[in-house]
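The values are calculated or read from the model by the stated rules, or taken from the named source; none is laboratory data. Because the structure is a prediction, the values reported are computed rather than measured. No Cβ is skipped: glycine too gets one built from the backbone with ideal geometry, and neighbour counts run over all protein chains shown.
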Amino acid sequence: MSELLFWFMTAMTIGSALIVVLHSNLFYSALALVVTLFGVAAFYVFLWADFLAGVQVFIYIGGILILILFGIMLTNKISSVNISHSKFHQGIAAVIVMGIFSILGWMILKTPWLHIVQQEPSQTVGRIGRLLMTEYLLPFEVASVLLLSALIGAAMLSRKAN
Amino acid sequence: MVVDNLMQWFESWTLWEAGSPLLFLIVVVIAGVPIFLLMAVNALVAVYAELKISAFMQDRVGPMGQGPGLHAGKWGLLQTVADALKLLLKEDIIPTLADRKLFIIAPFIIFVTPFIALAALPFNQNLLIADLNIGVFYILAVGSISVIGIIMAGWSSNNKWSLYGAMRSAAQIVSYEIPVALSIVSVIMLTGTLSMQGIISYQDGTTLGILPNWILFNNPFSFIAFFIFFISGVAEVNRTPFDIPEAESELVAGFHTEYSGMRWAFFFLSEYANMLIISGIAAVAFLGGWHSPIPGFLESPGWSLFWFISKIGMLIFIMMWFRWTFPRLRVDQLMNICWKVLLPLALLNIFGVGIWTLLTG
């Protein structure tokens with residue numbers, strides 16, 4: 001059952017990711033990104049990382065993606081603007097993307113992967129919280145300072161000039 | 001819970017081997033049908049209640065059909081059944097210049113999100129589709145998807161009012177998600193678990209001698225957190241006084257202006273289902289879930305179900321009370337309340353709950 005679901009989710013994630021890149025309508029691309037992010041959340045569930053899956057849906061779909069859609073709706077002429085570029089640019093992009101793809105593929109084949117435990121861990125959230133507050137406290141705080149500065153920057157930019 | 005039990009029960013027949021995909025599908029469908037029925041019945045009952053409550057608040061009598069036939073029954077009891085039939089029979093109109101695909105998909109997305117969120121809501125000790133480790137977080141996360149359906153509906157309608165409604169809705173829901181989540185954080189700090197049943201079992205027993213040990217009465221900060229949660233929750237389900245995404249006097253009907261018939265009914269159904277979910281979370285997180293209001297009194301599973309439904313009903317009634325007594329807020333007022341009042345209060349609350357648990361825990 002889970003194998004079947006896994007391949008289904010994989011096909012859905014990759015398929016929607018292709019739509020994100022290839023569709024000429026920006027709004028459709030953004031909506032396809034919802035499916036891609038949802039598929040990634042499903043992969044977290046397969047890895048027993050239920051909290052991470054929830055965060056993925058809550059932050060990426062419920063927050064960031066809605067802001068992207070909001071941004072698209074604020075711009076005019078969404079459907080009439082053709083966002084695909086010239087053949088020359090597409091050629092350059094294809095070369096770069098193939099390069100990145102082969103590097104990533106090589107890395108995936110070379111990495112000694114951990115084997116997933118088949119049993120559900122007794123708790124995930126508590127352990128993540130404990131690690132964030134002890135071992136990874138500094139990166140956690142640095143990330144929050146980064147977000148805070150972004151927030152202040154956004155407030156500064158949107159303020160009316162006196 | 002229900003899914004696990006049904007799986008074991010079916011497996012005990014030995015017709016299927018353990019973990020068979022077909023069996024899992026059958027069990028999920030069996031568990032899903034009652035949720036669908038709950039959503040439908042909830043909408044029928046709540047719409048009737050809304051008609052009657054609004055009528056009494058405005059010194060009218062509301063629907064008062066007499067007798068059987070196509071009249072609305074005694075005291076208008078069949079009014080919503082007649083409404084539902086009417087919606088089923090209505091012509092389905094799709095505007096010519098609308099984006100057909102998205103226009104058709106949008107109501108389903110809006111309908112599916114409360115449907116899957118209800119899977120984690122415990123109605124009593126046993127009546128719960130799945131007791132997830134991340135229960136309350138799962139419901140909040142899934143609930144945040146529904147706004148994508150609203151944006152799709154508003155954009156695909158190709159109508160300026162729909163688009164305005166969708167944009168307002170996106171801004172509103174993204175903003176009010178933050179105080180909702182932060183007020184739930186102050187609950188989680190007390191209970192130490194995200195599981196819905198775990199949060200409820202924390203609220204067992206009494207506090208201060210007589211009061212039930214609900215998180216609402218746990219400490220002054222959690223008392224305030226309930227009000228932050230409930231106000232933001234009302235804003236999240238787009239109810240008056242926060243219904244600017246569909247403000248009928250400015251935007252005709254907001255994001256669902258162009259919808260009619262069954263597709264419109266999906267929006268309606270999910271609005272009432274979302275009220276049910278927000279009330280359900282409030283009841284679980286602050287009002288003791290399915291615990292009896294008098295600790296130790298009538299706590300059998302049947303009565304637990306009754307207490308939980310009554311708490312939800314009470315909260316839904318309060319939302320209706322809001323709707324028929326408060327005027328609608330302006331967009332800027334709405335954002336001010338969220339970012340300048342509720343958010344700082346919620347942050348202060350988390351700090352307060354932390355200090356409280358440090359001193360008393």
Inset, instruction - State whether one or more residues within the stretch B:267-276 are touching a residue at least 24 places away in the same chain (Cβ under 8 Å), part of a helix (DSSP H, G or I), of a type in the set (Ser, Thr, Tyr) and under 25 Å from B:Ser232 (Cβ atoms). - result: yes
Inset, instruction - Could you tell me which numbered condition B:Ser175 fails, if it satisfies all but one of (1) among the polar types (S, T, N, Q); (2) within 14 Å of another protein chain (Cβ to nearest Cβ); (3) crowded, with 19+ Cβ neighbours inside 10 Å; (4) part of a loop (DSSP other than H, G, I, E, B)? - result: (4)
Inset, instruction - Could you run through the stretch A:44-75 and say how many residues are of a type in the set (Gly, Ala, Ser) and within 7 Å of another protein chain (Cβ to nearest Cβ)? - result: 3
Legend entry - the stretch B:192-218, residues that are β-branched (Val, Ile, Thr) and under 18 Å from B:Leu359 (Cβ atoms): B:Thr207, B:Ile215
Inset, instruction - State which residue is nearest to the other protein chains (Cβ to nearest Cβ) when the search covers only the stretch B:141-161 and only residues that are touching a residue at least 40 places away in the same chain (Cβ under 8 Å) and surrounded by fewer than 23 Cβ atoms within 10 Å (Cβ to Cβ). - result: B:Asn158
Inset, instruction - Just name the residue that is modelled with the lowest pLDDT out of those in the stretch B:11-43 that are surrounded by 17 or more Cβ atoms within 10 Å (Cβ to Cβ) and more than 14 Å from chain A (Cβ to nearest Cβ). - result: B:Ala31
Legend entry - Residue satisfying all of: in the stretch A:1-43; within 11 Å of chain B (Cβ to nearest Cβ) and more than 21 Å from B:Ile151 (Cβ to Cβ); surrounded by the most Cβ atoms within 10 Å (Cβ to Cβ) among these: A:Leu5
Legend entry - Any hit, the stretch B:201-214, residues being aliphatic (A, V, I, L, M) and in a helix (DSSP H, G or I): no
Legend entry - Counted residues, the stretch B:222-241 - those being more than 17 Å from the chain's Cα centre (by Cα), buried (at least 21 other Cβ atoms within 10 Å of the Cβ) and farther than 13 Å from B:Ile184 by Cβ: 0
Inset, instruction - Consider B:Ile350 carefully, then state whether it is in a helix (DSSP H, G or I) and touching a Leu at 6+ places or on another chain (Cβ under 8 Å). - result: yes
Legend entry - Number of the condition not met by B:Thr193 [criteria: (1) under 24 Å from A:Tyr60 (Cβ atoms); (2) within 14 Å of chain A (Cβ to nearest Cβ)]: (1)
